[in-house]
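For reference, the structure is listed below as structure tokens.
Just so it is clear, none of the values below were taken in a lab; they were calculated from the coordinates. Model, not experiment: these values are computed from the prediction. Virtual Cβ from ideal backbone geometry, glycine too; neighbours counted across all protein chains shown.
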Amino acid sequence: MKDQIETLKRSLIGGQIDRRGFMTGALAFGAGLSLSSSVLAQAEAATPKKGGTLKVGFLQGSTSDSFDPATYNNDFMFVTNYAVFNHLTEFGPAGQIEPELAESFEAEPGAKIWSFKLRKDAEFSDGKKLTAADVLASIDYHRGEDSKSAVKPVLAQIEEMKATDDHTIVFTLSTGNADFPYIFADYHLCIRQAVEGKIDAHSRIGTGGYTVESFEPGVRIRLKRRDGYWKQDRAHFEQVEITTIADTAARMNALMTGQVHIIDRPDLKTIHLLKRAPGVRVETTSGTLHYTMPMHVNTAPYDNQNVRMALKHAIDREELVDKILRGYGTVGNDHPVMSSMPFFDATIEQRAYDPDKARHYLKQAGLSSLDVQLFTSDAAFEGAVDASLLYSEQAKKAGINIEVVRQPSDGYWSNVWLVKPFCTSYWGGRPTPDWMFTAGYSKDAEWNDTKWQNERFNALLLEARAETDQDLRAEMYSEMQRLCRDDGGALIPMFGKYVFALRDEIQHGELSGQWNLDSLRFVERWWMA
């Protein structure tokens, strides 16, 4: 009976039957009136409904934010992007890549030539139909010689792209890449409208489910659902308001008092308050989130590998996971490949806290002690300041004096990250090692936040991408993980779970965990019961 009732429930949620059909079927299968009514209520709560105004409180947001997709660098703009614009592909609940504006995609043998078929029913909010010219111009914007886009290195593999008709694009790559469709789900690669072969980078006209009513950078944005959105089963809220609430206590209080419906990154030290609050629930997803302390390897003293190794051995990762993440995560090993990702090498020894070994590396660098500054803010990640202070205490046993320099939250991603030689940061991660390494570790990556240049690593990156023998590919990615761990400038102490909180009236289906909040697409996918 249980399986039959569950089948009826899915049919009701999917719209194949109505309430009467569900009750008739449930009673016929032997479920009592009480059980049938209870399951019906659950199913109806899980059925998307149109309407309501969603209010969101976000940690991130900067006065330097803009709609230029090349400059996106925080969750405020990432989420706004996915609400207003669409991409060629998107992530499904299990992390699989699915078509979005692309109706389908396929590769020729060797995965060097890819064909993407575009949807014919997608249109921009001004009524213009989507064409291949829009896609080509949107991608070319990030490939330009003067482009500072973080996704530019990922697109460098494209040797040629052309439209064979208004709804077909053929990409020719420099080498084969079986992971190629994944990159088009990146938040930078939203599709804009082309005018004479170019896009207006600041345009707010998209093919997404919402239009922009008002935008105050670093403060708030107001969105409105538009009629005629080509995804008829998405964009359920009538209006959406996203507000930056950088103070975590204020953000949590706003949720508990009903001022907002959703918050990101609650304080894990006081998360029990949310769990006890009436009408509020805490949820988590596991993805590729990791917290980092990037060191600029072109700046003294971090240009010395022994100094980097000393700093990597002077941090107690287990203590950070316990005290900062409160168990909502696992220890990191100074490379960005998560255990859930393909080609993760579990045989690589886990780096542990070892002050004596840290002193050994300092001695190898010709030093008896070390004084450095670590720039930080909770804008980097919730608990970043506490993590920095804890690290500072741990490092003293190795003769390393870390001065923790607190920075303002506003402008952190413009004024500190990529600028200061040693700071705190985070990565939402990427679904494949190739994408992760290309975005943050390759020699020309705009977001190579350690300035690392390793010839062997960069050669392997190209070889592994084109290799079709999966065993050989695994060997290459293993070596790349080891190179990052032992030579790279990224200290990666922790992988974390995405933790968020919401009010009970906000409902959703199966969550995608690639990035936070349903892979940043909650505005389009969730609804108000």
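The label-point distance for Asp471 and Asp233, in a model that sets each label 7 Å from Cα toward Cβ, rounds to 4.2 nm. Projected label points at Leu27 and Ile348, each 7 Å from Cα along the beta carbon direction, are separated by 6.1 nanometres.
Taking only C-alpha pairs under 8 Å that are 6+ residues apart, what is the relative contact order of the chain in percent? Contact order relative to length: 21 percent.
Just tell me the longest site-free run in the chain, where the sites are GluC sites (Glu not before Pro) in a DSSP loop having at most 11 other beta-carbon atoms within 10 Å. Here the longest segment lacking exposed loop sites spans 350-509.
When the label point is put 7 Å from the Cα of Lys50 along its Cα-to-beta-carbon vector, which residues of region 226-263 have a backbone N closer than 16 Å? In region 226-263, the label zone of Lys50 (backbone N under 16 Å from the point 7 Å along Cα→Cβ) covers 226-240.
In nm, to one decimal, how far is the modelled label at Asp165 from the one at Ser368, with both set 7 Å along Cα→Cβ? The two pseudo-label positions are separated by 7.8 nm. Rounded, prolate or oblate: which one fits region 86-199, using the alpha carbon gyration tensor with axes a ≥ b ≥ c (rounded when a/c is under 1.5, else prolate when a/b beats b/c, else oblate)? Verdict is rounded for region 86-199.
Over region 276-424, the fraction of Cα-Cα pairs per 5 Å bin, rounded to whole percents and listed from the shortest bin up, is 2, 9, 16, 20, 20, 17, 10, 4, 2, 1, 0, 0. Secondary-structure-derived ellipticity at 222 nm for the chain, considering helices only, amounts to -9000 deg cm²/dmol, per-run term -39500 (n - 2.57) for DSSP H runs with n ≥ 4.
With Rh defined as the Kirkwood radius, the inverse of the mean 1/r over Cα pairs, the Rg/Rh of region 387-520 is 1.03.
For the listed peptides 134-141, 487-494, a ranking on the average number of other beta carbons within 10 Å per residue, highest first, reads 487-494, 134-141.
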